[in-house]
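No lab work stands behind these numbers, since they all come straight from the coordinates. Just so you know, these numbers come straight off a predicted model, no measurement behind them. Here the Cβ is made from the backbone with ideal geometry for all residues, glycine too, and neighbour counts use every protein chain on show.
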Amino acid sequence: MRSALLQLNSSDDPAENLPVTQTLIAEAKAGGADLVLTPEVTNCVSASRTRQQEVLQTEDEDATLAALRLQASELGVWLLIGSLALKTDDSDGRFANRSLLIAPDGGIAARYDKIHMFDVEVSETESYRESAGYRPGRNSTLVETPLGGIGMTICYDIRFPHLYRGLAQAGAAILSIPSAFSPVTGAAHWESLLRARAIETGAYVLAPAQTGQHGATRGKQRKTYGHSMAVGPWGDVLADGGLEPGVVYVDLDLSEVAKARQRIPSLHATSEFDGL
């Protein structure tokens with residue numbers, strides 16, 4: 001099975017981002033991909049809440065989602081939209097950071113709202129309060145597909161290994177981690193965390209990413225780390241997208257998942273440890 005990771009440099013203009021994303025999806029299909037994955041906040045990368053209020057839509061009204069569902073059906077591919085920033089009906093006005101798996105018929109096969117909010121102080125000059133604008137999800141998502149079980153997560157979730165262990169124990173052979181990683185934490189931790197999640201679960205980890213400096217009509221311009229990455233069940237890096245936008249291909253052999261879990265059967269092992 002061939003997968004394609006899209007590496008994007010999305011701006012804060014969803015209408016501008018959509019044709020770029022569609023072009024790369026078409027390229028991925030032409031390259032033989034059965035499963036195409038886009039990064040976190042595919043539709044809009046923005047640090048401005050007022051800008052987001054202007055351009056974001058609800059799931060039912062979102063033009064990016066409608067167009068990508070149609071494209072998936074026309075191309076006959078599985079499309080994992082890493083996430084879309086979407087308006088909700090929450091009384092506090094917070095958005096959803098939502099990943100959607102689109103089936104080859106254009107239907108929505110599964111949804112996942114990011115659970116762990118990126119509320120951090122990376123440095124004196126770089127801080128994030130994702131929870132100020134986005135409401136956290138409450139439930140993990142595992143979806144069974146003809147391609148295998150896919151466990152859906154987003155970006156900062158990567159630092160919470162129990163989520164991935166639970167998904168793998170429930171049957172996930174593929175773990176998606178679409179991201180818009182900070183350059184500082186990306187350089188320090190990105191590859192190490194991705195490899196750790198793969199090794200711990202014996203699963204394929206597919207992590208399409210945003211990259212570069214993102215255009216902004218309002219507010220501070222964001223920068224992201226890039227390096228979309230695919231990691232095998234034994235923890236080996238199968239593909240690295242570097243810094244430029246584009247498509248990264250990786251061929252998956254799900255029999256390698258069973259082999260890795262048989263060699264190191266820690267996923268279903270019990271522990272005698274009672275704590276300190």
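Enumerate the amide H contacts of Phe181 below 5 Å, restricted to partners 5 or more residues apart or on another chain; note that Pro and chain-start residues carry no placed amide H.
It is Gln210, Tyr225, Gly226, by chain and number.
Starting from a Cα-only point model with no solvent, please compute log10 I(q)/I(0) by Debye for region 187-276 at q = 0.11, 0.12, 0.13 1/Å.
Log-scaled intensity ratios, in q order: -0.44, -0.50, -0.56.
Using a simple spin-label model with points 7 Å from Cα along the Cα→Cβ vector, what separation in nm is obtained for Asp105 and Glu74?
Those two pseudo-labels are separated by 2.0 nm.
Need one number: nm distance between label points at Gln262 and Asp236, each 7 Å from Cα along Cα→Cβ, rounded to one decimal.
Calculated label separation equals 1.7 nm.
Setting aside same-chain residues fewer than 8 positions from Lys29, which aspartates and glutamates have a Cα under 18 Å from its Cα?
Counting by Cα, and skipping residues close in sequence, Lys29 has these aspartates and glutamates nearby: Glu74, Asp105, Asp251.
Under 15 Å from the Cβ of Leu267, count the other residues' Cβ atoms, weight Lys and Arg +1, Asp and Glu -1, and hand me the total.
Net local charge, Leu267 excluded: +3.
Tell me the mean residue ellipticity at 222 nm calculated for the chain from its helices only (DSSP H runs of n ≥ 4, each -39500 (n - 2.57), averaged over every residue, nearest 500).
-8500 deg cm²/dmol
If the chain between Ala66 and Ala187 were fully stretched, how many nm would it gain, using 0.36 nm times the residue separation less the Cα-Cα distance?
40.1 nm
Find how many whole Å separate the alpha carbon centroid of region 32-75 from the alpha carbon centroid of region 156-230.
18
If we count every other residue with Cβ under 9 angstrom of Arg135's Cβ, Lys/Arg +1 and Asp/Glu -1, where does the sum land?
Net of charged neighbours comes to -2.
Evaluate 2.2 N^0.38 Å with N set to the residue count of the chain, then give the Cα radius of gyration divided by it.
Working: Rg = 17.7 Å, N = 276, 2.2 N^0.38 = 18.6 Å.
Relative to the 2.2 N^0.38 Å estimate, the chain comes out at 0.95.
Could you work out which residue, out of Ser182, Ser266, Ser228, moves most in a Gaussian network model of the chain, that is, has the largest mean-square fluctuation with Cα springs under 10 Å?
Ser266
Among bridges DSSP assigns within the chain, what percent are antiparallel (round to 5)? Mind showing how you got there, number by number?
Values: 34 of 49 bridges.
The answer is about 70 percent antiparallel.
Can you run phi through the Karplus equation (6.51, -1.76, 1.60; θ = phi - 60°) for region 251-268 and list ³J(HN,Hα) in whole Hz, with x for Gly and Pro?
For region 251-268, the Karplus-derived couplings read 9, 10, 10, 5, 5, 5, 5, 4, 5, 5, 6, 6, 5, 10, x, 6, 4, 10 Hz, x marking Gly and Pro.
Output ³J(HN,Hα) for region 56-70: one whole-Hz value per residue in order, computed from phi by the Karplus curve 6.51 cos²θ - 1.76 cosθ + 1.60 with θ = phi - 60°, and x for Gly and Pro.
Running phi through 6.51 cos²θ - 1.76 cosθ + 1.60 with θ = phi - 60° gives 7, 10, 6, 4, 5, 9, 5, 5, 4, 4, 4, 5, 6, 5, 5 Hz.
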